[in-house]
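What follows is calculated from the coordinates using simple rules that are stated; it is not laboratory data. Values in this document were obtained by computation on a predicted structure and should not be read as measured data. Neighbour counts are summed over all protein chains in view; Cβ atoms, including those assigned to glycine, are modelled from backbone coordinates with ideal geometry.
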Amino acid sequence: MTLDPGVLLLVLAAALMHASWNAFIKSGSDRLVMTTVIMFVPSIPSAIALLFLPAMLPAAWPFLALSVVTHFAYYAVLLNAYRHGDLSQVYPIARGCAPALVGVGAWLFAAEALSAVEMLGVLIVSGGILSLAWRRRGTAGPGEVKAIGFALLTALTIAIYLLADGMGVRRSGNALTYICWLLALDAIPLTLFTLWRRRGRFRESFTPGLRLGAFGGIIATFSYGITIWAMGIAPMAHVVAVRETSVIFGAAIGALILKEPFGRFRIAAAAVVASGAVLLNLGG
């Protein structure tokens, strides 16, 4: 089963938006604050929207709770990955693992089996990920090893919350209600944690990146909202495979805009990851 062309284009747009707000985090002077602002911006309008939306079915609540908890873990490991590594390396590893992990998880928990062609896509994605972790002998340091480790942990949290959201939105009774509940609740633990960590330095911490973070919050809202909606009407592994072509955008932004090293190699490796992700989608 392939994605409808309209859904495909929307998920590709979500991929570009996702890579963009990750670049905002990487380039920000205070990444914790930037992440918090990006996540907080959609929470208020989402909470207001819930007043006018139908109630969510009880069966979706456990999946929503799992997603919120896992998202908090995701922010923690993602920030540590960016603290030690480059966007053009961390981002493709973290996002490139997701199609394979979600594909396996969807098979185990949602009865969405992979075809032989989709399995080939998993192998190609894995090969691309391994190449992204490669450095010329003598150039890898402790910081890079930590970055790769945190990137892999990030990938695990991504797979868990994507599976939770994919299964939750299907049980919610209304996709928009589920999306708004997630956006409203997701920011609470991270915002409280950031206010505690930046206590006494609120103005100087939040003022510099407020506008960019607010813009990042807008595009992050559309990016993940589209993804959750698409997982509600199409196979999860297929949606995630296309969405994670964002690795190309992430590698390109890191190399061309942030001027990170090894740009050409990482862009080529990211293209391999993306080709495997596309093969996952076409193999259904």
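Assorted remarks:
- When the Cα gyration tensor is reduced to axis lengths a ≥ b ≥ c, the ratio a/c is 1.5 or higher for segment 183-281, and with a/b not above b/c it is classed as oblate.
- Most mobile of W107, W21, W196 in a GNM of the chain (Cα contacts under 10 Å): W196
- Of the DSSP H helices in the chain, those whose Cα atoms cover at least 15 Å axially and whose Kyte score averages -1.0 or more: 5-27, 61-84, 98-110, 116-132, 142-171, 175-197, 210-233, 263-282
- The chain shape via C-alpha gyration tensor axes, a/c threshold 1.5: oblate
- With at most 16 other Cβ atoms within 10 Å, longest stretch of the chain clear of loop trypsin sites (Lys or Arg not before Pro) (DSSP): 1-134
- Electrostatic dipole magnitude of the chain [Cβ: Lys, Arg +1; Asp, Glu -1; Cα centre; debye, to 20]: 940 debye
- Whole-number percent relative contact order across segment 5-282, with pairs defined as alpha carbons under 8 Å at least 6 apart: 41 percent
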